[in-house]
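Notes follow once the structure below has been shown.
The values are calculated or read from the model by the stated rules, or taken from the named source; none is laboratory data. Just so we're clear, the structure is a prediction, and the values are computed from it rather than from any experiment. A quick note on method: Cβ atoms are made from the backbone with ideal geometry, for glycine too, and the neighbour counts reach across all protein chains shown. Accessible surface is based on the protein model in full, side chains and every heavy atom, while ligands, DNA and RNA are left aside. Shrake-Rupley method; radii C 1.70, N 1.55, O 1.52, S 1.80 Å.
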Amino acid sequence: MKKLEVFGAKKLTGQIKISGSKNASLPILASTLLSNKKIRLKNLPDVKDIKTMINLLQSLGSKIKKRNKDLIIDNSKLKRKFAPYNLVKTMRAGILVLGPLLARFGMAKVSLPGGCAIGTRPIDIHLSALSKLGVKYKIEQGYVSASAPRGLIGSNIYFPKISVGATENLIIASCFAKGRTILSNCAIEPEINDLIKFLVDMGCDIKWIGKRKVKIIGVNCTNEISYSVMFDRIEAGTYLIAAAITEGNLKITNVRPKIIKTEINILKKVGVKIFQKKNEIRIIGTKKIKNLNIKTAPYPGFPTDLQAQMMVLLCKANKRSFIKENIFENRFMHVAELNRMGANISINGNKALIKGNTRFAPAELMATDLRASVSLILAALSAEGKSIINRIYHLDRGYENLEKKLKKVGAKIRRIN
Ligand code: UD1
């Protein structure tokens with residue numbers, strides 16, 4: 001199994017170009033199932049989760065060609081409405097094919113995504129909202145079999161809890177539902193806006209009518225389009241934090257700073273210097289990191305997907321900090337590994353107390369999930385000496401060319417068998 005070898009502590013300096021967003025690409029790829037016209041997608045990141053979603057679409061009968069870095073997708077002759085366990089188990093976003101398959105064919109059978117390392121991750125909100133559009137479903141042998149005998153019918157739906165995936169699944173499904181659908185208490189992550197822009201370009205009728213309220217009028221055909229996916233704000237945040245941790249000086253390009261205001265403000269509060277232009281950010285690290293209390297929250301709050309990375313930075317603060325994880329119940333698996341590197345972090349329920357003043361020591365480490373893996377790399381980048389990170393397949397799910405990008409800005413990092 002592949003491992004990463006990291007030699008710290010080098011200051012990161014130079015420029016990193018941010019890739020397309022994994023979390024915007026996944027629902028957009030799923031939503032192409034609505035269309036029987038050709039679609040060209042640009043700026044998709046070359047990461048494992050995207051390959052899994054492409055495999056899933058192909059298993060349904062999708063014809064997908066690569067042109068340079070773009071994908072040309074033709075879903076005019078889909079054969080199956082069945083998403084098998086082996087494709088959905090590694091990537092929870094597989095459940096996002098449920099909405100579009102129901103919208104286009106009125107039936108679908110999709111494997112339940114099951115639990116994952118960061119929590120149980122149920123799909124009850126997706127299912128109860130779909131049932132309000134007229135979907136009947138049953139759960140048998142790990143699969144959800146769903147059908148809409150009279151087609152999907154527009155409705156008023158209030159999500160009992162903010163869910164990114166449920167908002168996406170329902171927006172996509174409602175595009176072909178008869179009449180008007182109003183979804184309230186929606187997630188408003190930038191990736192959802194990117195999905196909406198894509199769907200509107202494709203001919204769907206979707207409008208925000210309140211902060212968390214969206215109105216969708218059903219249509220029955222779509223256009224041929226070409227669409228470029230937004231930047232990956234979590235990748236951008238990860239490299240900004242990497243610069244701060246290594247007291248580096250980085251320019252991050254291909255971003256829209258306006259979208260990551262919360263993260264930028266938090267980084268400024270810990271003491272780093274940040275200069276913004278329309279599509280780039282310059283960050284200059286500092287020796288003195290200030291302590292801070294953070295809680296994760298749905299957008300525009302601080303993202304749970306940057307919690308582990310931020311924790312590494314706060315380990316270097318002059319005093320103690322707190323992090324409250326409000327989204328996933330079990331997202332502190334990186335803590336044990338960080339403590340093995342010399343951090344002093346204690347957990348109480350969903351709160352972490354980070355003592356600060358840590359000088360990370362190198363170690364052999366085990367990655368447990370996507371963002372936890374990258375947090376270990378960040379700690380290793382600031383630890384003087386050689387660290388080894390095992391199970392890096394987690395990392396390959398979501399970071400495009402991570403080693404190449406880090407090497408270019410001065411990190412000593414390589415993949416070994
Ligand atoms: C998406 C992101 C993930 C991010 C998360 C929160 C993608 C592919 N993944 O995941 O990177 O960490 O948003 O920003 O975009 N919940 C239920 N029932 C449901 C659905 C969700 O209880 O039916 C709970 C979840 O267990 C979790 C919370 O709601 O505690 C938020 O989950 P959700 O926003 O749905 O996350 P994902 O869409 O799975």
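From Leu26, Leu60, Leu33, grab the single residue that is assigned by TED's automatic domain parsing to the domain that holds Val164 and under 30 Å from Ala380 (Cβ atoms).
Going through Leu26, Leu60, Leu33 in turn, just one is assigned by TED's automatic domain parsing to the domain that holds Val164 and under 30 Å from Ala380 (Cβ atoms): Leu26.
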field: Matching residues, the range 189-209, being assigned to a loop (DSSP other than H, G, I, E, B) and of a type in the set (A, V, I, L, M)
entry: Met202
Selection within the range 36-57 - closer than 14 Å to Met91 by Cα and either assigned by TED's automatic domain parsing to the domain that holds Thr238 or assigned to a loop (DSSP other than H, G, I, E, B) (or both): Val47
task: Please indicate, with yes or no, whether at least one residue in the range 175-186 is within 13 Å of the ligand (Cβ to nearest atom) and β-branched (Val, Ile, Thr).
output: no
message: Residues to consider are Ala317, Ala343; find the one that is open to solvent by less than 30 Å² (accessible area, probe 1.4 Å) and touching a Gly at 6+ places or on another chain (Cβ under 6 Å).
response: Ala317
- prompt: Looking only at the range 210-255, which residues are touching a residue at least 60 places away in the same chain (Cβ under 8 Å), part of a loop (DSSP other than H, G, I, E, B) and away from the ligand (no atom under 16 Å from the Cβ)?
  reply: Gly218, Thr222, Asn223, Glu224, Thr246, Glu247, Gly248, Asn254, Val255
field: Leading residue by the ranking (nearest to the ligand (Cβ to nearest atom)) among those in the range 144-155 that are open to solvent by less than 40 Å² (accessible area, probe 1.4 Å) and without any contact (Cβ under 8 Å) to a residue 60 or more places away in the chain
entry: Val144
Residue in the range 156-173 that is most open to solvent (accessible area, probe 1.4 Å), counting only those that are near the ligand (Cβ under 7 Å from one of its atoms) and not in a helix (DSSP H, G or I): Lys161
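Filter the range 367-394 down to residues that are on the phi < 0 side of the Ramachandran plot and out of contact with any Leu (no Cβ under 8 Å at 6 or more places or on another chain), then give me how many there are.
8
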field: Only one of Lys65, Lys69 that is in contact with an Asp or Glu (Cβ under 9 Å, 6 or more places away or on another chain), without any contact (Cβ under 8 Å) to a residue 12 or more places away in the chain and more than 30 Å from Arg331 (Cβ to Cβ)
entry: Lys65
query: How about the range 283-294: which of its residues are surrounded by fewer than 16 Cβ atoms within 10 Å (Cβ to Cβ) and outside any loop (DSSP other than H, G, I, E, B)?
result: Ile284, Asn293
message: One residue is enough: does the range 32-44 have a residue meeting the conditions more than 24 Å from Thr167 (Cα to Cα) and either within 19 Å of the chain's Cα centre (by Cα) or of a type in the set (S, T, N, Q) (or both)?
response: no
message: Here's a check for you: in the range 232-253, which residue that is in contact with a Gly (Cβ under 9 Å, 6 or more places away or on another chain) and among the polar types (S, T, N, Q) is surrounded by the most Cβ atoms within 10 Å (Cβ to Cβ)?
response: Thr246
Scan of the range 94-113 for residues that are touching a residue at least 40 places away in the same chain (Cβ under 8 Å) and either more than 11 Å from the ligand (Cβ to nearest atom) or surrounded by fewer than 24 Cβ atoms within 10 Å (Cβ to Cβ) (or both), ordered by number: Val97, Leu98, Gly99, Pro100, Leu101, Leu102, Ala103, Arg104, Gly106, Met107
- prompt: Of the residues that sit in the range 114-137 and are part of a strand (DSSP E or B) and at pLDDT below 95, which one is surrounded by the fewest Cβ atoms within 10 Å (Cβ to Cβ)?
  reply: Gly119
query: What number of residues in the range 317-367 are among the acidic types (Asp, Glu) and under 19 Å from Lys287 (Cα atoms)?
result: 0
- request: Please give the number of the condition Asn75 fails out of (1) touching a strand residue (DSSP E or B) at 6+ places or on another chain (Cβ under 9 Å); (2) more than 26 Å from Ile216 (Cβ to Cβ).
  value: (2)
- request: Filter the range 247-268 for residues that are within 14 Å of Lys408 (Cβ to Cβ) and hydroxyl-bearing (Ser, Thr, Tyr) and give the result.
  value: Thr253
